[in-house]
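A short write-up of the structure that comes next.
The values are calculated or read from the model by the stated rules, or taken from the named source; none is laboratory data. All figures in this text were calculated on a predicted structure; none of them were measured in a lab. Cβ sites come from the backbone with ideal geometry, for glycine too, and all protein chains shown count toward neighbours.
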Amino acid sequence: MGIWNQFKTVILLGLMTALLLWVGSFWGQNGLIIALAFAMLLNIGSFWFSDRIVLRLYRAKEVTDKNSKLYTIVKEISQKAAIPMPKVYIVPGNFANAFATGRSPKHAAVAATQGILDLLDEGELKGVIAHEIAHIKNRDTLIATVAATIASVISFIAMMARFAALFGGYGGRDRDRGGSGLELLVLAILTPLIATVIQLAISRSREYLADATGAKILRNPSGLADALLKLDKNVAHHPLGVSSSTEATAHLFISPPFSFKGFLTLFSTHPRTEERVRKLRAMIL
């Protein structure tokens, strides 16, 4: 499961890059460079300061008691995973969830909500923390930043195309040959949608990989599987309020704070809980 999800991430990033190059061809080299510089500046800043931003957003409090249950579990699992000890935080609130953030294993943090500490037993909590440690070990913050940067460039160019359409042209190819209305429609509307779907597919593949890596760290997938089922039910009773901030950080959590069904699962940052549990139950360690 781990090798396949690594391979799938490479394929999806390749598709996003190909989409970026195709979109860039409409505007020529200068337009692509401008969009790329803009997106890199925005996303690298987010990458560098993501831990501080998200922890402040959710009013997380650092755990200073080294004898506390959460601190002890994080320390134990980070040692098993052979990564530096991350900082440990508790997020106030009844909603049960957890996340990891930070630009590298040396600059990482693991946060658990008070709700998840109250809901899960020790074995389930260890499964959750192992999943978050796996995100740190697999450098998923970096991969998410790369995907977000490419998607941002595509969205930025699409916005330029929508603006240019008002004035009857869109540069690059349009100067060399007549740009068709269909091309403009695809560029302006469909390409950012496709980029978003691919970006979210990358997020889901990294969740599967973190599930598998966490289970291997503990040599026990059942704790995480049981925890995921509890967390899925908890969302219905203690949903996270929807806002631009919570939507932007939804991919960080171990369990999706919002529900997606049917076609809308394409726009979910996480795989379906039932499928994650099935894969975990099928693991042979």
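Remarks
- In the range 82-94, residue modelled with the lowest pLDDT [restricted to those that are buried (at least 22 other Cβ atoms within 10 Å of the Cβ) and within 18 Å of Arg59 (Cβ to Cβ)]: Val91
- Residue within the range 101-119 that is surrounded by 21 or more Cβ atoms within 10 Å (Cβ to Cβ) and acidic (Asp, Glu) present: no
- Here Glu132 meets each of (1) modelled with pLDDT of 75 or more; (2) of a type outside the set (Val, Ile, Thr); (3) surrounded by 23 or more Cβ atoms within 10 Å (Cβ to Cβ); (4) in contact with a helix residue (DSSP H, G or I) (Cβ under 6 Å, 6 or more places away or on another chain) with one exception, condition (4).
- Some residue of the range 33-45 being more than 20 Å from the chain's Cα centre (by Cα), among the aromatic types (Phe, Trp, Tyr) and either loosely packed, with under 14 Cβ neighbours inside 10 Å or modelled with pLDDT under 90 (or both): yes
- Candidate set: the range 98-112, residues that are touching a strand residue (DSSP E or B) at 6+ places or on another chain (Cβ under 6 Å) and not small (Gly, Ala, Ser); chosen: the one modelled with the lowest pLDDT: Thr101
- Subset of the range 54-80 [more than 14 Å from Thr113 (Cβ to Cβ) and either of a type in the set (Phe, Trp, Tyr) or not in a helix (DSSP H, G or I) (or both)]: Glu62, Thr64, Asp65, Lys66, Asn67, Ser68, Tyr71
- Looking at the range 186-285, the helices (runs of 4 or more DSSP H) lying wholly inside it that each contain 1 or more residues that are at pLDDT below 90, in contact with a His (Cβ under 7 Å, 6 or more places away or on another chain) and not hydrophobic (A, V, I, L, M, F, W, C) sit at 191-218.
- Top-ranked residue of the range 71-81 - restricted to ones that are under 23 Å from the mean Cα position of the chain (by Cα) and free of Cβ contacts under 8 Å to residues at least 60 places away in the same chain, ranked as surrounded by the fewest Cβ atoms within 10 Å (Cβ to Cβ): Ser78
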